[in-house]
């Protein structure tokens with residue numbers, strides 16, 4: 001399962017910028033517990049610019065989860081609020097960074113604008 | 001239940017009977033609730049095995065109440081040697097001071113018992129009577145009764161302790177009490193809503209006897225709230241009461257979601273809607289802007305944090321969309337309901353930009369406008385990228401979550417609210433007219449902010465061009481030419497849904513109505529089909545689905561009317577706005593200053609009093625805000641750059657009106673006005689605005705604020 005989140009962090013690090021996060025700034029530390037092991041990922045967002053590192057300091061938000069739950073979140077199968085309400089993840093600090101980060105996960109449902117019946121206006 | 005007593009603190013509230021007891025069934029909405037979960041479904045006090053009877057209930061504050069009780073069977077004759085006082089304050093659960101007084105000259109020995117239990121029902125389960133899927137547990141540990149519920153990793157607990165030594169068992173607490181002649185016995189009970197989820201943990205109730213500081217804090221907070229709001233002086237006393245009631249209710253409706261770290265926004269209604277609602281929180285913030293502008297700032301921040309970022313059919317979420325409703329209960333946690341949050345609302349996203357602009361106009365807080373630039377741009381982009389479902393240039397809605405999503409995603413969200421003149425219901429998508437007005441207004445206001453704060457004149461020009469184009473098309477496509485009014489909606493084929501409705505009033509407020517059509521719209525709104533004498537009906541008499549007590553098809557909504565009056569004023573129909581103000585304020589008098597969500601659309605001369613529509617929530621936030629917006633409208637308060645313009649047009653019976661210390665970018669300013677508009681269409685019955693004898697000839701409406709300016 002480790003592949004899922006590694007791929008995720010690799011992908012968002014390469015993406016570098018996300019327009020939907022231009023209103024968001026802060027550092028998120030993801031602490032992922034798998035058995036005895038703990039993985040740490042630092043995601044820094046500066047008005048939409050994203051960088052990922054394995055080391056960092058003073059996060060604004062810490063999210064702690066087991067590997068399965070975390071993988072479910074980044075693959076869009078589990079939304080952050082239900083995960084918190086169910087006690088699957090623990091959050092310290094500002095929840096808003098995690099909410100914004102949902103822009104980076106794969107959609108849990110809905111294949112895109114077409115599903116919404118979206119069509120651009122005739123001009 | 002008629003005798004229910006409610007106290008609350010944010011989204012924690014207690015609903016009990018008038019003895020203070022709770023004996024809920026799954027469908028019975030009593031109990032201690034927090035974060036949309038019931039933490040106590042039973043809280044039953046007995047003395048020597050007998051329940052107690054209420055002598056009186058003192059509502060001390062909205063968060064605190066006191067029950068005076070006596071033992072006995074509830075006959076009319078009371079000759080008790082004992083009295084029992086339960087004083088209860090809510091917050092982090094609740095704290096209850098239980099005192100028993102012995103009035104006899106003999107000592108007494110009593111068995112006092114409190115039965116406690118919880119079903120941990122989700123609010124949605126209470127509404128729909130659903131069965132639980134997890135398991136319950138209870139234990140006594142370290143002098144504490146723990147009642148819990150677990151489903152997989154989800155768990156919620158209630159902790160119960162007392163300050164006096166008693167015996168605890170898994171079903172409650174018992175005390176063997178000896179009281180000397182004319183003596184008393186007392187204990188403090190703590191009920192803690194531990195493990196709330198949402199990242200919130202509680203260790204003890206907010207206040208109790210041992211935390212003297214906390215309770216005065218809450219009172220001080222209310223006093224401070226009232227002291228900071230503008231002061232109102234008026235010759236017509238009912239308005240003073242209504243104003244005071246609105247401010248206190250607005251204080252009670254403040255809710256601090258976990259993402260706001262202590263700041264509060266207006267929740268939608270007490271007690272069942274004590275949560276963030278996009279539409280309700282925005283409308284209430286708009287109404288309250290001249291009085292408590294900080295609510296708008298919190299609303300904008302919280303809704304901005306939760307702005308949609310992905311396409312998610314279950315939650316009807318799109319990038320840029322502003323949420324409809326947030327919930328924290330078990331069904332939401334397990335995604336059996338989509339409220340985490342749910343985004344199925346077609347107007348809040350546009351109203352978000354409207355509120356941001358209006359907030360800046362009043363406060364001059366460009367810092368917040370800059371901080372929320374990305375959110376505002378996201379909201380504006382949503383209008384064209386996601387809301388134009390039919391590709392015809394109009395905002396429309398159709399839910400993608402067909403199981404638990406909302407069918408009608410406009411403010412009239414009941415199933416039959418959108419209909420043709422003949423009563424048929426249109427298919428989906430539906431493009432209701434007021435959505436187009438809000439879209440127009442959002443673009444115009446977004447353009448102002450782009451030019452002024454974001455320094456992006458090209459974007460401003462683009463938004464204005466789009467707005468002008470929308471206005472032109474709208475006035476062509478929605479105008480019912482032979483009736484001279486705007487259709488309620490366009491249907492999936494782009495044909496007019498031609499019922500006449502109050503939505504037209506919101507069109508005036510948005511500014512989308514061409515000047516040449518405004519007079520006809522105002523005439524309809526104030527005509528006998530729409531205007532009842534108390535207010536404008538949601539649907540005109542003569543429409544196929546009209547029903548004077550139909551939720552959105554004939555009742556009168558004070559909130560709706562407050563925006564209609566604002567719209568009428570904006571188009572220069574000042575006397576018509578004053579007439580609506582008079583009707584709604586007269587109605588408020590019948591409800592002790594607390595306007596209900598809606599009341600019947602019967603003609604005023606027929607019923608003489610406004611017939612309340614039965615709803616579960618009172619106060620309702622946007623009804624609470626209605627008198628505030630009406631005050632603004634009557635006084636003609638309008639921020640123009642650094643100044644507040646005052647241009648009062650008031651109903652005659654109001655006499656002299658002063659609103660002092662109105663906060664804004666000008667500091668504090670006073671506004672004065674005098675009633676001059678004769679709105680008497682009622683006949684004679686009671687001292688209402690319409691029928692107060694006209695005062696001796698006085699000068700017309702005027703203003704003389706410290707820096708307030710008269711006229712435009």
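The values are calculated or read from the model by the stated rules, or taken from the named source; none is laboratory data. As the structure is a prediction and not an experimental result, all values here were calculated from the model. Every residue, glycine among them, receives a Cβ derived from its backbone with ideal geometry; neighbour counts consider all protein chains shown.
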- For region A:83-101, name all the residues that are surrounded by fewer than 19 Cβ atoms within 10 Å (Cβ to Cβ) and over 24 Å from residue B:371 (Cβ atoms). A:87, A:90
- Output yes when any residue across region B:298-310 is assigned to a loop (DSSP other than H, G, I, E, B), surrounded by fewer than 24 Cβ atoms within 10 Å (Cβ to Cβ), in the same structural domain as residue B:259 (by TED's automatic domain parsing) and modelled with pLDDT of 95 or more, and no when none is. no
- If you go through region B:70-89 one residue at a time, do you hit one that is buried (at least 23 other Cβ atoms within 10 Å of the Cβ) and within 25 Å of the chain's Cα centre (by Cα)? yes
- Can you tell me which of A:80, A:50, A:45, A:63 is surrounded by 16 or more Cβ atoms within 10 Å (Cβ to Cβ), within 14 Å of the chain's Cα centre (by Cα) and farther than 16 Å from residue B:309 by Cβ? A:63
- Query: Residues B:368, B:406, B:356: which one is surrounded by fewer than 21 Cβ atoms within 10 Å (Cβ to Cβ), in contact (Cβ under 8 Å) with a residue 60 or more places away in the chain and outside any loop (DSSP other than H, G, I, E, B)?
  - Reply: B:368
- Task: Please verify whether region B:309-317 includes one or more residues that are more than 8 Å from chain A (Cβ to nearest Cβ) and under 16 Å from the mean Cα position of the chain (by Cα).
- Result: no
- Query: Restricting attention to region B:423-434, does a residue exist that is more than 14 Å from chain A (Cβ to nearest Cβ) and in contact with a helix residue (DSSP H, G or I) (Cβ under 6 Å, 6 or more places away or on another chain)?
  - Reply: yes
- Go through region B:143-152 residue by residue and tally those that are surrounded by 14 or more Cβ atoms within 10 Å (Cβ to Cβ), within 14 Å of another protein chain (Cβ to nearest Cβ) and free of Cβ contacts under 8 Å to residues at least 60 places away in the same chain. 3
- Single condition residue B:456 does not satisfy, out of (1) within 14 Å of chain A (Cβ to nearest Cβ); (2) surrounded by fewer than 24 Cβ atoms within 10 Å (Cβ to Cβ); (3) closer than 21 Å to residue B:479 by Cα: (3)
- Task: Working only within region B:25-54, note down all residues that are at pLDDT below 90 and either out of contact with any strand residue (DSSP E or B) (no Cβ under 9 Å at 6 or more places or on another chain) or surrounded by fewer than 16 Cβ atoms within 10 Å (Cβ to Cβ) (or both).
- Result: B:25, B:26, B:27, B:28
- Query: Could you count how many residues in region B:484-526 are more than 29 Å from the chain's Cα centre (by Cα) and assigned to a loop (DSSP other than H, G, I, E, B)?
  - Reply: 8
- Which residue pairs have Cβ atoms under 7 Å apart, sit 6 or more places apart or on different chains, and have a first residue in region B:158-176 that is at positive phi and a second that is in a strand (DSSP E or B)? B:172/B:113; B:172/B:114; B:172/B:115; B:172/B:116
- Note on the structure: When (1) within 28 Å of residue B:155 (Cα to Cα); (2) within 14 Å of another protein chain (Cβ to nearest Cβ); (3) assigned to a loop (DSSP other than H, G, I, E, B); (4) touching a strand residue (DSSP E or B) at 6+ places or on another chain (Cβ under 8 Å) are applied to residue B:271, the one that fails is (2)
- Task: Report those helices (runs of 4 or more DSSP H) wholly inside region A:19-123 carrying at least 3 residues which are at pLDDT 85 or above, farther than 30 Å from residue B:330 by Cβ and within 10 Å of chain B (Cβ to nearest Cβ).
- Result: none
- So which residues in region B:362-410 are under 20 Å from residue B:344 (Cα atoms), away from every other protein chain (no Cβ under 12 Å) and in contact with a helix residue (DSSP H, G or I) (Cβ under 8 Å, 6 or more places away or on another chain)? B:380, B:410
- Which members of region B:230-261 meet the condition of being within 14 Å of chain A (Cβ to nearest Cβ), surrounded by fewer than 19 Cβ atoms within 10 Å (Cβ to Cβ) and in a loop (DSSP other than H, G, I, E, B)? B:256, B:261
- Query: Can you name the number of the only condition in (1) under 13 Å from the mean Cα position of the chain (by Cα); (2) over 30 Å from residue B:152 (Cα atoms); (3) at pLDDT below 95 that residue B:282 fails?
  - Reply: (3)
- Query: How do the strands (runs of 3 or more DSSP E) wholly within region B:563-678 filter down when requiring 3 or more residues that are crowded, with 22+ Cβ neighbours inside 10 Å: which remain?
  - Reply: B:656-664, B:667-677
- Query: Any residue at all in region B:107-116 that is surrounded by fewer than 13 Cβ atoms within 10 Å (Cβ to Cβ), at pLDDT 95 or above and outside any strand (DSSP E or B)?
  - Reply: yes
